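Enquirer: Below is a structure I'd like to ask you about.
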Amino acid sequence: MNRFKRLLVGVSFAQQDGTSIRYAAMISKLAKSEKIVFLHVSSNMDIPEDLQKEYPDLFQPVDTYARGEMEKLIKKYFDGYPDTQIEYKVLEGSPLIEFLRVAKDEDIDLIVMRKRKEPSGSGSLFEKIARKAPCSVLFVPESSKAWYKNILVPVDFSENSMDAMHSAIAIALASSGIETIHCLHVYNVPLGYYKTGKSYEEFAEIMKGHAKKYFDEFIKKLDLKGLTATPIFKLEKDDARGIEEVIEEEDFTLLVIGARGRKAGAGVLLGSVTEHLINTTTIPLLAVKKKGTGLGLLDALLKL
């Protein structure tokens, strides 16, 4: 799995930081990663000068303290590839801007972030980072186990779905015991179906038949490298809800999805379905983006 050689991992000093650190360790083993940057971004922590003079032994530089705390966490939770270089960064400012800046400067392949299991609101930091990051992003809900067993890839037969499948294949091959990748296609019945003289059920079968045809054509373009692709066809008018229902019904441990779907315009860096799932999914989600996506927009943002 050569695609995740350089990782960026967020550290917030929350109780569940061990989750993302364990995941970073697992990925470093699977990918034989070259480098992992552990990053903590703090808000302005300036201490009044007169208070520092009054209590000189009480305060120490934030970066020194945070670096020491990160080293403790890594020692406790990280058991990764032994040749992976570890670097700690403590920065002050906007978490969004600093994460994006480091991702660009360090030529990062994958950002790993811990997220709460409870749904977060629209416009969350997770969503903003995924939208603007120049690389793939892995979101790991708190208390997730650092292992892969069943991989689910939603597909709409687009180029972005193809990218997601390539990543899923690489992960499955690097992991042990995974022989198949489950491919989910959510289809629906168009509103004007009744004009054809067909019942809802009849037209649903027609749509499913077309989905099967497109799936077979899609899979023929892929080198599965000995793995099998098991299709799942779900009738649901809302794509995100269809994916959530399948996750609830089955024991999947990783969701791999293209950052943009077929319906997203050329200027859109993140599809609405992916945005929704980033905020709601209860299993780890890998939002796959081609490295370097949106670098022009990112450069403009970082110059603001």
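The values are calculated or read from the model by the stated rules, or taken from the named source; none is laboratory data. Bear in mind that the values here come from a model prediction, so they are computed numbers and not experimental data. Neighbour counts are summed over all protein chains in view; Cβ atoms, including those assigned to glycine, are modelled from backbone coordinates with ideal geometry.
Enquirer: Could you tell me whether V256 is part of a loop (DSSP other than H, G, I, E, B) and modelled with pLDDT of 90 or more? Working first, answer last.
Expert: On the way: part of a loop (DSSP other than H, G, I, E, B): no; modelled with pLDDT of 90 or more: yes.
Judged against the criteria, V256 is not a match.
Enquirer: Output the residue which, of all residues in the stretch 144-166 that are hydrophobic (A, V, I, L, M, F, W, C) and assigned to a loop (DSSP other than H, G, I, E, B), is surrounded by the most Cβ atoms within 10 Å (Cβ to Cβ). Reasoning before the result, please.
Expert: Here is the first cut: in the stretch 144-166, the ones hydrophobic (A, V, I, L, M, F, W, C) are 146-147, 151-153, 155, 157, 162, 164-165.
If we keep only those that are assigned to a loop (DSSP other than H, G, I, E, B) too, we end up with 146-147, 155, 157.
Working: A146: 20, W147: 13, V155: 26, F157: 17.
Only one residue tops the list, namely V155.
Enquirer: Going by what's in this entry, would A130 be described as crowded, with 17+ Cβ neighbours inside 10 Å, modelled with pLDDT of 95 or more, of a type in the set (G, A, S) and not in a loop (DSSP other than H, G, I, E, B)?
Expert: In short, no.
Enquirer: With the structure loaded, tell me whether K289 is at pLDDT below 95, out of contact with any Lys or Arg (no Cβ under 6 Å at 6 or more places or on another chain) and among the basic types (K, R) or whether it fails that test.
Expert: Working: at pLDDT below 95: yes; out of contact with any Lys or Arg (no Cβ under 6 Å at 6 or more places or on another chain): yes; among the basic types (K, R): yes.
Answer is yes for this residue.
Enquirer: So which of S199, S175 is over 28 Å from L96 (Cβ atoms) and either exposed (fewer than 14 other Cβ atoms within 10 Å of the Cβ) or in contact with a strand residue (DSSP E or B) (Cβ under 8 Å, 6 or more places away or on another chain) (or both)? Walk me through how you get there before you give the answer.
Expert: Values: S175 fails: either exposed (fewer than 14 other Cβ atoms within 10 Å of the Cβ) or in contact with a strand residue (DSSP E or B) (Cβ under 8 Å, 6 or more places away or on another chain) (or both).
Of the residues listed, the single one that is over 28 Å from L96 (Cβ atoms) and either exposed (fewer than 14 other Cβ atoms within 10 Å of the Cβ) or in contact with a strand residue (DSSP E or B) (Cβ under 8 Å, 6 or more places away or on another chain) (or both) is S199.
Enquirer: Looking at the stretch 78-90 only, could you name the residues that are surrounded by fewer than 18 Cβ atoms within 10 Å (Cβ to Cβ) and not in a loop (DSSP other than H, G, I, E, B)? Write out each step before concluding.
Expert: First, the residues of the stretch 78-90 that are surrounded by fewer than 18 Cβ atoms within 10 Å (Cβ to Cβ): 79, 81-83, 85-87.
Matches in the stretch 78-90: Q85, I86, E87.
Enquirer: Let me ask something else about it. Return the total of residues in the stretch 121-167 being among the β-branched types (V, I, T) and over 20 Å from A240 (Cβ atoms). Let's see the steps before the verdict.
Expert: As a first pass, look at the stretch 121-167 and keep what is among the β-branched types (V, I, T): 129, 137, 140, 151, 153, 155.
Keeping just the survivors that are over 20 Å from A240 (Cβ atoms) gives none.
Result for the stretch 121-167: 0.
Enquirer: Another one. Polar (S, T, N, Q) and outside any loop (DSSP other than H, G, I, E, B) - does that describe any residue in the stretch 192-201?
Expert: Residues of the stretch 192-201 polar (S, T, N, Q): 196, 199.
With the extra rule that they be outside any loop (DSSP other than H, G, I, E, B), the set shrinks to 196.
Yes: one or more hits.
Enquirer: Here's a follow-up. Just give me the residues in the stretch 122-148 being among the small types (G, A, S) and over 27 Å from S175 (Cα atoms), in sequence order.
Expert: Listed by number, the residues that qualify are S122, G123, S124.
Enquirer: Picking from I111, I171, I181, which residue would you name as being touching a residue at least 12 places away in the same chain (Cβ under 8 Å), part of a helix (DSSP H, G or I) and of a type in the set (V, I, T)? Steps first, please.
Expert: Details: I111 fails: part of a helix (DSSP H, G or I); I181 fails: part of a helix (DSSP H, G or I).
The conditions single out I171.
Enquirer: In addition: Considering every residue within the stretch 42-60, establish whether at least one is in contact with an Asp or Glu (Cβ under 8 Å, 6 or more places away or on another chain), at pLDDT below 90 and part of a strand (DSSP E or B).
Expert: Of all residues in the stretch 42-60, those in contact with an Asp or Glu (Cβ under 8 Å, 6 or more places away or on another chain) come to 42-45.
Of the ones still in play, those that are also at pLDDT below 90 are 42-45.
Imposing the further condition that a residue be part of a strand (DSSP E or B) reduces the set to 42.
For the stretch 42-60, residues in contact with an Asp or Glu (Cβ under 8 Å, 6 or more places away or on another chain), at pLDDT below 90 and part of a strand (DSSP E or B): present.
Enquirer: Any residue that is among the small types (G, A, S) and in a loop (DSSP other than H, G, I, E, B) - is there at least one of those in the stretch 217-232?
Expert: Taking the stretch 217-232 first, the residues among the small types (G, A, S) are 226, 229.
From what's left, in a loop (DSSP other than H, G, I, E, B): 226.
Yes, some residue in the stretch 217-232 is among the small types (G, A, S) and in a loop (DSSP other than H, G, I, E, B).
Enquirer: Look at the stretch 1-30 and say how many of its residues are within 23 Å of R101 (Cβ to Cβ), hydrophobic (A, V, I, L, M, F, W, C) and either in contact (Cβ under 8 Å) with a residue 60 or more places away in the chain or outside any helix (DSSP H, G or I) (or both).
Expert: Step one: of the stretch 1-30, the residues within 23 Å of R101 (Cβ to Cβ) are 3-14, 17, 20-21, 23-24, 27-28.
Checking the rest, the ones that are also hydrophobic (A, V, I, L, M, F, W, C) come to 4, 7-9, 11, 13-14, 21, 24, 27.
Cutting the leftovers down to either in contact (Cβ under 8 Å) with a residue 60 or more places away in the chain or outside any helix (DSSP H, G or I) (or both) gives us 4, 7-9, 11, 13-14, 24, 27.
Qualifying residue count, the stretch 1-30: 9.
Enquirer: Hey, any hits in the stretch 78-100 for a residue that's within 18 Å of K291 (Cα to Cα) and free of Cβ contacts under 8 Å to residues at least 12 places away in the same chain?
Expert: Within the stretch 78-100, not a single residue is within 18 Å of K291 (Cα to Cα) and free of Cβ contacts under 8 Å to residues at least 12 places away in the same chain.
Enquirer: Which condition does I171 not pass, out of (1) aliphatic (A, V, I, L, M); (2) farther than 26 Å from F218 by Cα; (3) touching a helix residue (DSSP H, G or I) at 6+ places or on another chain (Cβ under 8 Å), if it passes all the others?
Expert: Only one criterion in (1) aliphatic (A, V, I, L, M); (2) farther than 26 Å from F218 by Cα; (3) touching a helix residue (DSSP H, G or I) at 6+ places or on another chain (Cβ under 8 Å) is unmet by I171, namely (2).
Enquirer: Sticking with this structure for a sec: Taking the conditions exactly as written (at pLDDT 95 or above and either of a type in the set (S, T, Y) or surrounded by fewer than 17 Cβ atoms within 10 Å (Cβ to Cβ) (or both)), does I169 satisfy them or not? Walk me through how you get there before you give the answer.
Expert: Working: at pLDDT 95 or above: yes; either of a type in the set (S, T, Y) or surrounded by fewer than 17 Cβ atoms within 10 Å (Cβ to Cβ) (or both): no.
No; evaluated as a whole, the condition is false for this residue.
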